[in-house]
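Taking it in order: structure first as structure tokens, then the write-up.
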Amino acid sequence: MPSCVALLRAVNLGSHNKVAMADLRAFVEKLGMRDVKTVVQSGNLVFQTDSRSTAKLETLLETSATKQLGLTTDFFVRSGSEWQDIIAANPFPKEAKTDPSHLVMMTLREAPSRAALAELQAAIKGSEQVRANGREAYFTYPDGIGNSKLTITIIERKLGTRGTARNWNTVLKLGALAAAG
């Protein structure tokens with residue numbers, strides 16, 4: 001049975017979209033997923049499923065979470081093999097080794113156009129860098145994420161699509177769980 005990784009957008013940020021990871025695991029299990037695991041409190045899931053369509057899983061998870069948990073948020077689902085490809089496609093291998101907490105991968109709803117990516121690059125005023133590969137974007141924040149003016153609001157506006165980001169350490173943890181499942 002194939003593994004999948006699902007990232008929830010903007011949960012457990014202050015009082016916004018609160019959900020306990022135990023409740024999230026139980027919810028996903030009720031939907032028929034197996035061997036459900038969570039990583040940190042920011043809405044990261046790894047599970048096994050018979051479903052081959054990540055787009056259908058996103059729709060199922062989003063509509064069911066609203067109805068069953070009162071949680072309205074985006075779910076970004078990638079197959080376990082897609083997740084391994086995401087790790088392999090990292091355009092910043094040096095940063096992955098030397099500063100993984102300042103390397104961020106963002107899953108996107110849609111692949112950005114070249115023009116949108118160029119617009120985002122032009123909007124960067126600091127030392128941050130961005131590269132995209134399909135429905136993923138990779139960012140380096142050498143001066144720290146908290147000090148950066150490159151926010152998710154700017155990124156989504158310039159790319160014309162929604163997304164959610166995880167630091168490289170979390171990406172690797174999710175990849176290891178997906179590979180083990």
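The values are calculated or read from the model by the stated rules, or taken from the named source; none is laboratory data. Note that this is a predicted model, so its numbers are computed, not measured. Ideal geometry is used to build each Cβ from the backbone, glycine not excepted, and the neighbour counts take in all protein chains shown.
Counting just the residues of the range 34-48 that are part of a strand (DSSP E or B) and free of Cβ contacts under 8 Å to residues at least 60 places away in the same chain, which one comes out surrounded by the fewest Cβ atoms within 10 Å (Cβ to Cβ)? Quick ask: steps written out before the conclusion?
First, pick out the residues of the range 34-48 that are part of a strand (DSSP E or B): 34-38, 44-48.
Restricting the remaining residues to those that are free of Cβ contacts under 8 Å to residues at least 60 places away in the same chain gives 34, 36, 38, 45.
On the way: Arg34: 13, Val36: 20, Thr38: 20, Leu45: 24.
The selected residue is Arg34.
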Checked against (1) surrounded by fewer than 21 Cβ atoms within 10 Å (Cβ to Cβ); (2) closer than 20 Å to Val130 by Cβ; (3) not basic (Lys, Arg), Thr63 satisfies every condition except (2)
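Filter the range 61-77 down to the residues that are in a helix (DSSP H, G or I) and under 23 Å from Met105 (Cβ atoms) and list them by number.
First, pick out the residues of the range 61-77 that are in a helix (DSSP H, G or I): 61-69.
Once the filter is applied, which keeps residues that are in a helix (DSSP H, G or I) and under 23 Å from Met105 (Cβ atoms), the range 61-77 yields Leu61, Glu62, Ala65.
Specify the residue that is surrounded by the most Cβ atoms within 10 Å (Cβ to Cβ); the eligible residues are those in the range 66-121 that are among the basic types (Lys, Arg) and closer than 17 Å to Ala55 by Cβ.
This residue is Arg78.
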Of those in the range 149-168 that are surrounded by 15 or more Cβ atoms within 10 Å (Cβ to Cβ) and among the basic types (Lys, Arg), the residue farthest from Pro100 (Cα to Cα) is Lys158
Do we have any residue at all in the range 129-148 that's surrounded by fewer than 17 Cβ atoms within 10 Å (Cβ to Cβ), over 15 Å from Glu95 (Cβ atoms) and among the polar types (S, T, N, Q)?
-> yes
Residue hits (the range 136-153; under 19 Å from Thr73 (Cα atoms) and at pLDDT 95 or above) are Glu136
Of (1) in contact with a helix residue (DSSP H, G or I) (Cβ under 6 Å, 6 or more places away or on another chain); (2) at pLDDT below 95, Val77 satisfies every one except (2)
